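Peer 1: I have a structure I would like to understand better, so I am pasting it below and will then ask my questions one at a time.
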Amino acid sequence: MSDKTTNASSKPGLSRAQLNELTRRLTKEGKLIEAGFSGLRAACIAADAPPEQLHEMRLAFFAGAQHLFVSIMSVLDPGSEPTDADMERMSNIDAELRAFSQDFELRHVPAGGRA
């Protein structure tokens, strides 16, 4: 199975500046979720990962994004203005994702400073 990522240059080892530039470019192209996967790939996936692993990880990443989007769209109350319940739902999603992000950073982002 082939690697179906959008950009072959989204390999592990990108500097933060390179990753930010890639994210800006993909977002301009309407590919915000692809940009997120590129960040995950740069941070967590071995440079020599086989194409099947990349494909499966990309599927999982996009499935999560699809689930979140569809869930948000289906649980919001009708109408054009957000309700208190809508705001609470969004706050709960924010809290869950912040907790994940904090755990992710502890496990995958090198600490700054000197030891």
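Peer 1: Among Ser38, Ser71, Ser80, whose mean-square fluctuation peaks in a Gaussian network model of the chain (Cα, cutoff 10 Å)?
Peer 2: Top of the fluctuation ranking is Ser80.
Peer 1: Give the relative contact order (percent, whole number) for the chain; include only Cα pairs under 8 Å separated by 6+ residues.
Peer 2: It rounds to 26 percent for the chain.
Peer 1: Further question on the same structure: Only counting other Cβ atoms within 10 Å, I'd like Leu106, Leu40, Leu32, Leu26 sorted with the fewest neighbours first.
Peer 2: Ranked by crowding around the Cβ, least crowded first: Leu106, Leu32, Leu40, Leu26.
Peer 1: Restricting things to alpha carbons, find the Rg to Rh ratio for the chain using the Kirkwood radius for Rh.
Peer 2: When Rh is taken as the Kirkwood radius, the ratio is 1.03.
Peer 1: Moving on. Which loop trypsin sites (Lys or Arg not before Pro) in the stretch 76-115, with loop taken from DSSP, have no more than 13 other Cβ atoms within 10 angstrom of their Cβ?
Peer 2: In loop regions of the stretch 76-115 (DSSP not H, G, I, E or B), the sparsely surrounded trypsin sites (Lys or Arg not before Pro) are Arg114.
Peer 1: Another one. For Ser91, what is the net charge nearby, where nearby means another residue's Cβ is under 11 Å from its Cβ and Lys, Arg count +1, Asp, Glu -1?
Peer 2: -3
Since every read-out is calculated from the coordinates, none of them should be taken as a lab result. Remember, it's a predicted structure, so these values are computed and weren't measured experimentally. All Cβ positions, glycine included, derive from the backbone under ideal geometry; neighbour counts span all protein chains shown.
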